[in-house]
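Here's the structure, in structure tokens; my notes come after.
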Amino acid sequence: MRARETNEDAAALALRALVWTLAEPDRATRLLDVTGLTPADLRARAAEPVVLAAALGFLEAYEPDLVACAAGLGVKPEAIVAARHALESE
């Protein structure tokens, strides 16, 4: 797989994880508090690799959320960690 395809896959996974994160109000509020993003920032910049990487890093920082998100998306937690690394290298 070429790097571009990997990064596109990483972005798609990160967007799915972001949607999962935002589905629960307390977790969504925690994401905004931890990242410093505002709802307007998130709406405007959700597709940016740096924002997606921050959302995945947020999940990594709290293992129960990481594991639950991975289960909800049908992927291994390691895939979320790998996606963050790919997005950070863009």
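One residue stands out in region 20-44 among those that are among the aliphatic types (A, V, I, L, M) and surrounded by 15 or more Cβ atoms within 10 Å (Cβ to Cβ): the one that is nearest to residue 84 (Cα to Cα), namely 31.
Looking across region 57-71, the residues that are without any contact (Cβ under 8 Å) to a residue 40 or more places away in the chain, in contact with a Leu (Cβ under 8 Å, 6 or more places away or on another chain) and either of a type in the set (D, E, K, R) or closer than 13 Å to residue 22 by Cα (or both) come down to 58, 60. Residue-level analysis places residue 10 among those that are aliphatic (A, V, I, L, M), within 13 Å of the chain's Cα centre (by Cα), at pLDDT 95 or above and surrounded by 13 or more Cβ atoms within 10 Å (Cβ to Cβ).
Of these, 54, 40, 46, which one is more than 13 Å from the chain's Cα centre (by Cα) and among the small types (Gly, Ala, Ser)?
Values: 54 fails: more than 13 Å from the chain's Cα centre (by Cα); 46 fails: more than 13 Å from the chain's Cα centre (by Cα).
After ruling out the rest, the residue left standing is 40.
Evaluated against (1) of a type outside the set (D, E, K, R); (2) exposed (fewer than 14 other Cβ atoms within 10 Å of the Cβ); (3) at pLDDT 95 or above, residue 89 falls short on exactly one condition, (3).
Just the residues that are β-branched (Val, Ile, Thr) and surrounded by fewer than 16 Cβ atoms within 10 Å (Cβ to Cβ), please, taken from region 51-80.
First pass over region 51-80, keeping only residues β-branched (Val, Ile, Thr): 51, 67, 75, 80.
Once the filter is applied, which keeps residues that are β-branched (Val, Ile, Thr) and surrounded by fewer than 16 Cβ atoms within 10 Å (Cβ to Cβ), region 51-80 yields only 67.
Among the residues of region 57-90, which ones are assigned to a helix (DSSP H, G or I) and of a type in the set (Val, Ile, Thr)? Of everything in region 57-90, those that are assigned to a helix (DSSP H, G or I) and of a type in the set (Val, Ile, Thr) turn out to be 67, 80, 81.
Among the candidates 55, 47, 61, 17, the residue that is modelled with pLDDT under 95 and under 16 Å from residue 87 (Cβ atoms) is uniquely 47.
Exactly one residue out of 28, 10, 54, 17 is free of Cβ contacts under 8 Å to residues at least 24 places away in the same chain, touching a Leu at 6+ places or on another chain (Cβ under 7 Å) and either within 19 Å of residue 78 (Cα to Cα) or assigned to a helix (DSSP H, G or I) (or both), and it is 28.
The values are calculated or read from the model by the stated rules, or taken from the named source; none is laboratory data. None of the values given here were measured: they were computed from a predicted structure. Cβ sites come from the backbone with ideal geometry, for glycine too, and all protein chains shown count toward neighbours.
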